[in-house]
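Notes to accompany the following structure.
The values are calculated or read from the model by the stated rules, or taken from the named source; none is laboratory data. These numbers come from a predicted model, not from an experiment. FYI the Cβ positions are ideal-geometry reconstructions off the backbone, even for glycines, and counts take in every protein chain you see. To get the accessible areas, we keep the full protein, side chains included, count just its heavy atoms, and leave off ligands, DNA and RNA. Shrake-Rupley method; radii C 1.70, N 1.55, O 1.52, S 1.80 Å.
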Amino acid sequence: MQNQVVRQPFIIKVLDKYTEIWSFEKDSVPLQGIGDVALLSRPLTAFFASRRCPGAAIRAATDWTLALARAKQPVVSGFHSPLEQSVLTLLLQARCPVVAVIARPLVGARLDSAWQTAIAERRMAVVTSHTASRRLTETLAVERNDLAALLATRIVIAHAEPGGSLSLAQLRWRAGGDAVELLSASTG
(Lines give C-alpha, C1' and ligand atoms only; values in the text may rest on other atoms or scores of the structure.)
Protein backbone atom coordinates (compact mmCIF):
# COMPACT_ATOMS: atom_id res chain seq x y z
CA MET A 1 0.00 0.00 0.00
CA GLN A 2 1.66 3.19 -1.17
CA ASN A 3 1.01 6.23 1.01
CA GLN A 4 -1.22 8.91 -0.40
CA VAL A 5 -0.60 12.65 -0.48
CA VAL A 6 -2.22 14.44 2.46
CA ARG A 7 -5.40 16.12 1.19
CA GLN A 8 -7.33 17.02 4.31
CA PRO A 9 -8.60 20.25 5.77
CA PHE A 10 -6.17 21.82 8.20
CA ILE A 11 -7.15 23.54 11.41
CA ILE A 12 -5.01 26.60 12.00
CA LYS A 13 -4.57 28.35 15.32
CA VAL A 14 -2.32 31.28 16.09
CA LEU A 15 0.33 30.49 18.69
CA ASP A 16 1.56 34.04 18.96
CA LYS A 17 1.60 37.09 16.73
CA TYR A 18 4.31 35.53 14.53
CA THR A 19 3.56 31.80 14.55
CA GLU A 20 0.61 29.75 13.38
CA ILE A 21 0.35 26.11 14.38
CA TRP A 22 -1.79 23.98 12.13
CA SER A 23 -3.17 20.57 12.96
CA PHE A 24 -4.70 17.64 11.11
CA GLU A 25 -4.95 13.86 11.18
CA LYS A 26 -3.19 11.39 8.90
CA ASP A 27 -4.36 7.77 9.24
CA SER A 28 -5.83 8.58 12.68
CA VAL A 29 -2.54 10.12 13.91
CA PRO A 30 -3.11 13.68 15.23
CA LEU A 31 -0.38 16.00 13.98
CA GLN A 32 0.67 19.59 14.52
CA GLY A 33 2.97 21.69 12.41
CA ILE A 34 4.37 25.09 11.56
CA GLY A 35 5.58 26.47 8.28
CA ASP A 36 4.22 25.85 4.81
CA VAL A 37 1.28 23.45 5.26
CA ALA A 38 0.92 23.26 1.46
CA LEU A 39 4.07 21.11 1.34
CA LEU A 40 2.05 18.27 2.85
CA SER A 41 -0.23 18.33 -0.19
CA ARG A 42 2.71 17.55 -2.48
CA PRO A 43 4.26 14.11 -3.02
CA LEU A 44 6.99 13.81 -0.40
CA THR A 45 10.07 11.62 -0.52
CA ALA A 46 11.14 10.27 2.87
CA PHE A 47 14.90 10.02 3.37
CA PHE A 48 16.64 7.93 6.02
CA ALA A 49 20.19 6.91 6.90
CA SER A 50 21.71 5.09 9.87
CA ARG A 51 24.03 6.97 12.21
CA ARG A 52 27.05 5.21 10.71
CA CYS A 53 27.26 4.99 6.92
CA PRO A 54 29.97 3.74 4.55
CA GLY A 55 31.54 6.14 2.07
CA ALA A 56 29.60 4.65 -0.85
CA ALA A 57 26.30 5.46 0.88
CA ILE A 58 27.45 9.02 1.61
CA ARG A 59 28.43 9.58 -2.02
CA ALA A 60 25.19 8.05 -3.29
CA ALA A 61 23.13 10.19 -0.88
CA THR A 62 24.97 13.36 -1.93
CA ASP A 63 24.36 12.68 -5.63
CA TRP A 64 20.71 11.79 -4.91
CA THR A 65 20.23 14.96 -2.85
CA LEU A 66 21.67 17.21 -5.53
CA ALA A 67 19.34 15.67 -8.14
CA LEU A 68 16.29 16.21 -5.91
CA ALA A 69 17.40 19.73 -5.07
CA ARG A 70 17.69 20.62 -8.76
CA ALA A 71 14.16 19.27 -9.32
CA LYS A 72 12.87 21.06 -6.16
CA GLN A 73 11.23 17.82 -5.00
CA PRO A 74 10.19 18.04 -1.33
CA VAL A 75 11.89 15.71 1.14
CA VAL A 76 10.57 14.60 4.54
CA SER A 77 12.76 13.19 7.32
CA GLY A 78 13.66 13.45 10.96
CA PHE A 79 17.03 14.81 9.76
CA HIS A 80 18.67 13.39 12.86
CA SER A 81 21.57 11.13 11.79
CA PRO A 82 24.76 12.84 10.56
CA LEU A 83 24.04 11.97 6.91
CA GLU A 84 20.40 13.09 7.23
CA GLN A 85 21.67 16.40 8.67
CA SER A 86 24.10 16.80 5.76
CA VAL A 87 21.27 16.14 3.30
CA LEU A 88 19.13 18.76 5.05
CA THR A 89 21.94 21.31 4.83
CA LEU A 90 22.30 20.71 1.09
CA LEU A 91 18.53 20.91 0.55
CA LEU A 92 18.19 24.16 2.51
CA GLN A 93 21.18 25.71 0.72
CA ALA A 94 19.59 24.76 -2.61
CA ARG A 95 16.29 26.29 -1.43
CA CYS A 96 14.56 22.94 -1.88
CA PRO A 97 11.31 22.38 0.05
CA VAL A 98 11.59 20.18 3.14
CA VAL A 99 9.38 18.78 5.87
CA ALA A 100 11.16 18.03 9.14
CA VAL A 101 9.51 15.62 11.57
CA ILE A 102 10.47 16.18 15.18
CA ALA A 103 9.89 13.95 18.20
CA ARG A 104 9.00 16.77 20.58
CA PRO A 105 6.23 19.38 20.91
CA LEU A 106 6.32 22.49 18.72
CA VAL A 107 5.41 24.81 21.55
CA GLY A 108 8.70 25.95 23.03
CA ALA A 109 10.80 24.11 20.43
CA ARG A 110 14.03 25.91 19.59
CA LEU A 111 14.52 25.77 15.87
CA ASP A 112 17.83 26.34 14.10
CA SER A 113 18.13 29.74 12.41
CA ALA A 114 18.36 28.07 8.97
CA TRP A 115 15.05 26.35 9.74
CA GLN A 116 13.49 29.64 10.83
CA THR A 117 14.60 31.29 7.59
CA ALA A 118 13.24 28.43 5.45
CA ILE A 119 9.93 28.51 7.38
CA ALA A 120 9.63 32.28 6.90
CA GLU A 121 10.33 31.83 3.18
CA ARG A 122 7.65 29.10 2.96
CA ARG A 123 10.17 26.40 1.95
CA MET A 124 9.83 24.31 5.09
CA ALA A 125 7.30 22.74 7.41
CA VAL A 126 8.00 21.18 10.80
CA VAL A 127 5.62 18.43 11.91
CA THR A 128 5.17 16.51 15.15
CA SER A 129 2.75 14.07 16.73
CA HIS A 130 4.01 14.86 20.23
CA THR A 131 2.44 17.30 22.66
CA ALA A 132 4.45 16.43 25.78
CA SER A 133 8.18 16.94 26.19
CA ARG A 134 10.23 13.80 26.63
CA ARG A 135 13.87 12.94 26.21
CA LEU A 136 14.60 11.43 22.78
CA THR A 137 14.65 7.66 23.09
CA GLU A 138 14.98 4.84 20.59
CA THR A 139 11.19 4.45 20.72
CA LEU A 140 10.59 8.13 19.96
CA ALA A 141 13.12 8.00 17.11
CA VAL A 142 11.29 5.00 15.61
CA GLU A 143 7.95 6.84 15.95
CA ARG A 144 9.47 9.93 14.29
CA ASN A 145 10.75 7.86 11.35
CA ASP A 146 7.42 6.03 11.04
CA LEU A 147 5.66 9.39 10.87
CA ALA A 148 8.00 10.63 8.13
CA ALA A 149 7.35 7.40 6.19
CA LEU A 150 3.59 7.81 6.73
CA LEU A 151 3.67 11.31 5.24
CA ALA A 152 5.72 10.20 2.22
CA THR A 153 4.68 8.77 -1.12
CA ARG A 154 8.22 7.42 -1.63
CA ILE A 155 10.78 6.06 0.87
CA VAL A 156 14.53 6.18 0.22
CA ILE A 157 17.25 4.78 2.49
CA ALA A 158 20.91 5.64 1.95
CA HIS A 159 22.12 2.98 4.39
CA ALA A 160 20.50 0.91 7.14
CA GLU A 161 22.93 -0.69 9.58
CA PRO A 162 22.15 -4.45 9.61
CA GLY A 163 20.17 -5.30 12.74
CA GLY A 164 19.60 -1.63 13.59
CA SER A 165 16.30 0.14 14.13
CA LEU A 166 16.26 1.55 10.57
CA SER A 167 16.83 -1.93 9.13
CA LEU A 168 13.88 -3.20 11.18
CA ALA A 169 11.75 -0.22 10.10
CA GLN A 170 12.56 -0.98 6.47
CA LEU A 171 11.23 -4.52 6.92
CA ARG A 172 8.11 -3.20 8.67
CA TRP A 173 7.42 -0.64 5.93
CA ARG A 174 7.84 -3.24 3.20
CA ALA A 175 5.57 -5.67 5.07
CA GLY A 176 2.98 -2.86 5.15
CA GLY A 177 3.16 -2.55 1.38
CA ASP A 178 5.46 0.45 1.05
CA ALA A 179 8.16 0.39 -1.60
CA VAL A 180 11.58 1.19 -0.16
CA GLU A 181 14.38 2.32 -2.46
CA LEU A 182 18.00 1.67 -1.43
CA LEU A 183 20.82 4.00 -2.43
CA SER A 184 23.60 1.76 -1.15
CA ALA A 185 24.14 -1.89 -2.07
CA SER A 186 25.29 -2.51 1.51
CA THR A 187 21.90 -1.49 2.94
CA GLY A 188 20.42 -4.36 4.97
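Could you give me the residue pairs with C-beta distances under 9 Å whose first residue belongs to region 14-36 and is at pLDDT 85 or above and among the acidic types (Asp, Glu), whose second residue is surrounded by 13 or more Cβ atoms within 10 Å (Cβ to Cβ) and part of a strand (DSSP E or B) wherever it lies, and which are 6+ apart or on separate chains?
Listed pairs, sorted by first residue: Asp36/Val99; Asp36/Met124; Asp36/Ala125.
With the checklist (1) touching a residue at least 24 places away in the same chain (Cβ under 8 Å); (2) part of a helix (DSSP H, G or I); (3) over 14 Å from the mean Cα position of the chain (by Cα) in hand, flag the one item Gly163 doesn't pass.
(2)
When both residues are 6+ apart or on different chains and their Cβ atoms are under 7 Å apart, which pairs have a first residue that lies in region 51-68 and is within 12 Å of Ser184 (Cα to Cα) and in contact (Cβ under 8 Å) with a residue 12 or more places away in the chain, and a second that is crowded, with 19+ Cβ neighbours inside 10 Å and of a type in the set (S, T, N, Q)?
Taking only residues 6 or more apart or on different chains, the pairs are Pro54/Ser184; Ala56/Ser184; Ala57/Ser184; Ala60/Ser184.
Select from region 44-84 the residues that are in contact with a Ser or Thr (Cβ under 9 Å, 6 or more places away or on another chain), in a helix (DSSP H, G or I) and open to solvent by less than 60 Å² (accessible area, probe 1.4 Å) and list them in ascending order.
Ala56, Ala57, Ala60, Ala61, Thr62, Thr65, Leu68, Leu83, Glu84
Within region 127-171, take every residue that is of a type in the set (Val, Ile, Thr) and in contact with a strand residue (DSSP E or B) (Cβ under 6 Å, 6 or more places away or on another chain) and give me the one that is modelled with the lowest pLDDT.
The residue in question is Thr128.
If you check Thr139, Thr131, which single one turns out to be free of Cβ contacts under 8 Å to residues at least 60 places away in the same chain and either assigned to a loop (DSSP other than H, G, I, E, B) or exposed (fewer than 14 other Cβ atoms within 10 Å of the Cβ) (or both)?
Checking each option against the conditions leaves just Thr139.
Looking only at residues that are open to solvent by less than 50 Å² (accessible area, probe 1.4 Å) and of a type in the set (Gly, Ala, Ser) in region 85-116, which one is nearest to Phe48 (Cα to Cα)?
Filtering region 85-116 for residues that are open to solvent by less than 50 Å² (accessible area, probe 1.4 Å) and of a type in the set (Gly, Ala, Ser), the one nearest to Phe48 (Cα to Cα) comes out as Ala100.
Name the single residue, out of those in region 27-41 being in contact with a strand residue (DSSP E or B) (Cβ under 9 Å, 6 or more places away or on another chain) and under 22 Å from Glu84 (Cβ atoms), that is most open to solvent (accessible area, probe 1.4 Å).
Gln32
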